[in-house]
Amino acid sequence: MPKTILLVEDDQDILDIMMYMLSDEGYRLLRSNGDDALQLATTELPDLVLLDHRLQTVWGADICRALKADERTKAIPVIMVSAAMNIEATAKAAGADRLVAKPFGLQEMLAVVADTLEQGGRSSGFGDIPA
């Protein structure tokens, strides 16, 4: 059974690229612009959440905090993705398992996703992909 990834991104171009790249690897994908991310995570229980830091209506850190506070979703690894500088402390405080800087290389992102799924989010992967 393929691993399920919830993509939380409000930039349609980035979402399309990530959907294409991850579907080619055989992952089952769910998408959210942020508004329904918590509901999708609690009903679908994905294996991984790829979460943009800055969404139009909500902060990714707030979604991450809520996921990590909920018994049903706290073990789901979260990779926070951001173009913002110096958000490492924010991402860590929110409970993110990894942090990836935008723009990112597709192969590098695939490697981080695969590693995070393999490790179950247990690694301390901040700064995996430099800006």
*Residue check, SER32 free of Cβ contacts under 8 Å to residues at least 40 places away in the same chain, among the polar types (S, T, N, Q), over 16 Å from PRO103 (Cα atoms) and surrounded by 15 or more Cβ atoms within 10 Å (Cβ to Cβ)*: yes
*Quick one: PRO2 ticks every box in (1) out of contact with any helix residue (DSSP H, G or I) (no Cβ under 9 Å at 6 or more places or on another chain); (2) farther than 17 Å from GLY120 by Cβ bar one, so which box is it?*
(2)
*Just wondering, is there one or more residues in region 11-25 that are assigned to a loop (DSSP other than H, G, I, E, B) and modelled with pLDDT under 95?*
yes
*Out of THR57, THR90, report the one residue that is among the hydroxyl-bearing types (Ser, Thr, Tyr), farther than 14 Å from LEU7 by Cα and surrounded by 14 or more Cβ atoms within 10 Å (Cβ to Cβ).*
THR90
*Search region 99-123 for residues being in a loop (DSSP other than H, G, I, E, B) and more than 20 Å from ILE17 (Cβ to Cβ), and hand back the single one that is modelled with the highest pLDDT.*
GLY120
*Scan region 59-98 for residues that are of a type in the set (A, V, I, L, M), in contact with a helix residue (DSSP H, G or I) (Cβ under 9 Å, 6 or more places away or on another chain) and part of a helix (DSSP H, G or I) and jot them down.*
ALA61, ILE63, ALA66, LEU67, ALA91, ALA93, ALA94
*Restricting attention to region 76-91, and to residues there that are touching a residue at least 24 places away in the same chain (Cβ under 8 Å) and over 13 Å from the mean Cα position of the chain (by Cα), which single residue is farthest from GLN39 (Cα to Cα)?*
MET85
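The values are calculated or read from the model by the stated rules, or taken from the named source; none is laboratory data. This one's a predicted model, so the numbers in the text were calculated from it and none came from an experiment. Note that we place each Cβ from the backbone using ideal geometry, even for glycine, and neighbour counts take in every protein chain shown.
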